[in-house]
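The numbers here are math on the coordinates, done by the rules we state, and not lab data. Predicted model only: the values in this text are computed from it and were never measured. Here the Cβ positions follow ideal geometry from the backbone for every residue, glycine too, while neighbour counts run over all protein chains shown.
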Amino acid sequence: MRKAMSYVTCLKCRECSQEYPVKPLHVCETCFGPLEVVYDYEAIRAVMTRELIESRAHNLWRYRELLPVEGEPDMGPFSGFTPLIKASRLGAEVGLKNLYIKDDTVNHPTLSYKDRVVSVAITKAREFGFTTVSCASTGNLATAVAAHAARAGLRCYIFMPEGVEAGKVVGSTIYGAQVITIRGNYDDVNRLCSEIADKYGWAFVNINIRPYYTEGAKTFGFEVAEQLGWRLPDHIVVPTAGGTILPKVAKAFKEFQQLGLVEGNFKIHCAQAAGSAPVIRALHRGTDLITPVKPDTIAKSIAIGNPADGFYVLGAVRESGGWGDMATDPEIIDAIKLLARTEGIFAEPAGGTTLAVALKLFNQGRIHPNEIVVVSITGNGYKTIEAVASAIEQPIIIEARLREFDALYERLGGNRAVAGAA
Amino acid sequence: MAVKVRVPTPLRRFTAGIDEVPADGDSVRAVLENLEVRHPGIRERLLDDKGELRRFVNVYLNGDDIRFLEQLNSKVKDGDDISIVPAIAGGR
């Protein structure tokens, strides 16, 4: 029986196909291309059924045959299997009859999709025998790595650019991680971390553990397919920063197709903030060449001007027949408010970006009113209060006297607003 | 112009394991060509058939991505630092 073993056969360069052993490697020695995990799909096909998956706990490990870990994983027991919500009120307002929100604002334990990739990365880091884990990050990844490292009992160093919001520093330090801020921007931090990973022999989840880490993003797609009743959505809109999640959602759907687990076909669409849209600009220009930009947007979690995997985002979008667009900061804020007001979900700006772009694609006629559309909400608005704080109504202050409230209520037109509520 | 070039792990087999090597040239391209003379085989890992920088290679001149400068034609001065870094990393 292979029950306790993984179905991984090797790592393989996505560019030149050179194969490597299953080790903490992430770059092809020949061409610098990214390495990707290769599975024995024949063996997986023989064991992985809808019934087997449905019999398992509601976490990301229910798809473990398609994840690159050995044995019984014990990280992230409550990570993944976030709600897929039929957005009826939002759908009715915009004219989409089958609109769904995949809601990673409530991913455990740090409220973003990063809990998926980090669960896999830390599990793999421990398998490899690392005792120190690390990452370059400005937010969601930092908090996820710090929290999972705490649970695993590993030492943790978080590298951030100077000037990041206090909440992100606190949200990492609280777990016992050593937070180091670097004088420079995210790309400077990333570069330094590449050099530290090289020298210190630590597990950097998004550098030398990256081939395993990125596989965790597939679970977002697996869940969408299962939660739709083992079928693929006609459309899924996914935000792009460095380019990890979009190609992996496409890969997840294709793996499920290959294994005969799902019906249907899909188009995958890319969403970027207008202030950091190098992939969308290349998509619209019809080229593979991504020109880096200096990001300037409130959507900080997706403000990467030099996306490492942008090329693969373009490939996945085009192969599926999908498209993509960008949203300005005001459009992002409007979409955050729209989602909150109609569905009771408070997304970070990356989520606002994704919803705003989904609506643009609908208005462009690329999505039809009856089609199944999934909007990927990958992070929580409570972590990015600053982005919307100045764009919402301020609370009204009154004295603690009923008379004052009566007058206020009258002014607000309250009798009309809640007629029928009594 | 004599400069220092920082070499990432995957390329150190061309530099006898050394992580920082000297090279000469008045532009980034000239420096990379000079590296080939000193460490044969390294050029084709950095540049494609057309002589352009490979997709997954980032080159920094004194800490700045050369794509924000004048690409491979960026001018270098004596004592400049050039760093070669694989592009594949990140995800914030």
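Over chain A, calculate the relative contact order: mean separation of alpha carbon pairs under 8 Å at least 6 apart, over the residue count, as a percent.
Details: 840 pairs, mean separation 62.6, N = 422.
Computed value for chain A: 15 percent relative contact order.
Backbone phi angles across the stretch A:229-235, fed through the Karplus curve with coefficients 6.51, -1.76 and 1.60 (θ = phi - 60°), yield HN-Hα couplings of x, 6, 9, 8, x, 4, 9 Hz in residue order; Gly and Pro are listed as x.
Kindly provide the Kirkwood hydrodynamic radius of the stretch B:2-86 in Å, to one decimal, from all pairs of distinct alpha carbon atoms.
Working: mean 1/r = 0.0800 Å⁻¹.
Hydrodynamic radius (Kirkwood, Cα pairs) of the stretch B:2-86 is 12.5 Å.
Ordering of A:176-183, A:193-200, A:140-147 by packing is A:140-147, A:193-200, A:176-183, highest average first (other Cβ atoms within 10 Å, averaged per residue). Applying a threshold of 23 Å to the alpha-carbon distances of B:LYS4/B:LYS75; A:LYS254/A:LYS383; A:LYS86/A:LYS337 flags A:LYS254/A:LYS383 as lying beyond it.
Residue by residue through B:73-86, how many Cβ atoms from other chains fall within 10 Å of the Cβ on average?
Working: counts 0, 0, 0, 0, 0, 0, 0, 0, 0, 0, 3, 1, 9, 10.
Across B:73-86, the average partner-chain Cβ count within 10 Å equals 2.
Qualifying trypsin sites (Lys or Arg not before Pro) in the stretch A:1-55, where qualification requires a DSSP coil assignment and no more than 14 other C-beta atoms within 10 Å, comprise A:ARG2, A:LYS3. On a 0 to 90 degree scale, rounded to 10, what angle separates helix A:402-411 from the longest Cα axis of chain A? So the inclination is approximately 80 degrees.
Per residue of A:201-210, what is the mean number of Cβ atoms on other protein chains within 10 angstrom of that residue's Cβ?
Numbers: counts 0, 0, 0, 1, 1, 5, 5, 2, 0, 4.
For peptide A:201-210, the averaged partner shielding equals 2.
Give the Rg/Rh ratio for the protein assembly as shown, taking Rg as the radius of gyration of the Cα atoms and Rh as the Kirkwood radius, to two decimals.
Working: Rg = 24.1 Å, Rh = 24.0 Å.
Rg/Rh for the protein assembly as shown comes to 1.00.
Considering every residue in A:26-35, what mean count of other chain Cβ atoms within 10 Å of its Cβ is obtained? Kindly include the intermediate steps, with their values, before the conclusion.
Values: counts 4, 10, 5, 5, 3, 9, 15, 6, 5, 1.
Average neighbour count from other chains, rounded to a whole number: 6.
Entry note, chain A: the mean residue ellipticity at 222 nm calculated from DSSP H runs of n ≥ 4, each adding -39500 (n - 2.57), is -11500 deg cm²/dmol after division by the residues and rounding to the nearest 500. Applying the criteria of a DSSP loop state and at most 14 other Cβ atoms within 10 Å to the GluC sites (Glu not before Pro) of the stretch B:34-66 yields B:GLU52. The Cα-based radius of gyration of the stretch A:284-325, divided by its Kirkwood radius, gives an Rg/Rh of 0.98.
Once both axes come from the Cα atoms, what is the angle between helix A:245-258 and the longest principal axis of chain A, in degrees from 0 to 90, rounded to 10? Roughly 70 degrees, rounded to the nearest 10. Look at the dipole of chain A built from charges on Cβ: of A:TYR39, A:ASN363, A:GLY221, the Cα furthest out on the positive end belongs to A:TYR39.
Rounded to the nearest whole angstrom, the semi-axes of the ellipsoid equivalent to the stretch A:269-422, taken from the Cα gyration tensor as √(5λ), stand at 39, 19, 11, largest first.
Separation of the stretch A:50-109 from the stretch A:382-414 is 36 Å, based on Cα centroids.
For the peptides A:313-324, A:70-81, the ranking by packing is A:313-324, A:70-81, with the highest mean count of neighbouring Cβ atoms within 10 Å listed first.
How much net charge surrounds A:THR219 when only other residues with a Cβ under 13 Å from its Cβ are counted (Lys, Arg +1; Asp, Glu -1)? Mind showing how you got there, number by number?
On the way: positive: A:ARG56, A:ARG62, A:ARG64, A:LYS102, A:LYS114, A:ARG116, A:LYS218, A:LYS248, A:LYS251; negative: A:GLU65, A:ASP104, A:ASP115, A:GLU215, A:GLU223, A:GLU226, A:GLU255.
Residues near A:THR219 contribute +2 overall.
Sparsely packed loop sites in the stretch A:321-422 (the trypsin sites (Lys or Arg not before Pro) outside DSSP H, G, I, E and B with at most 15 other Cβ atoms within 10 Å) comprise A:ARG401.
Would you calculate, for chain B, the mean residue ellipticity at 222 nm contributed by helices, counting each DSSP H stretch of 4 or more residues as -39,500 (n - 2.57) and dividing by all residues, to the nearest 500?
Details: 2 runs with 15 residues, N = 92.
-4000 deg cm²/dmol, from helical runs alone.
In this Cβ point-charge picture (+1 for Lys and Arg, -1 for Asp and Glu), the protein assembly as shown has a dipole of about 660 debye about its Cα centre.
Over chain B, what relative contact order in percent results from Cα pairs under 8 Å that are six or more residues apart? Present the calculation step by step, with values, prior to reporting the outcome.
Working: 152 pairs, mean separation 33.5, N = 92.
That works out to 36 percent.
Axis of helix A:218-227 versus longest Cα principal axis of chain A: the two differ by about 60°, to the nearest ten degrees.
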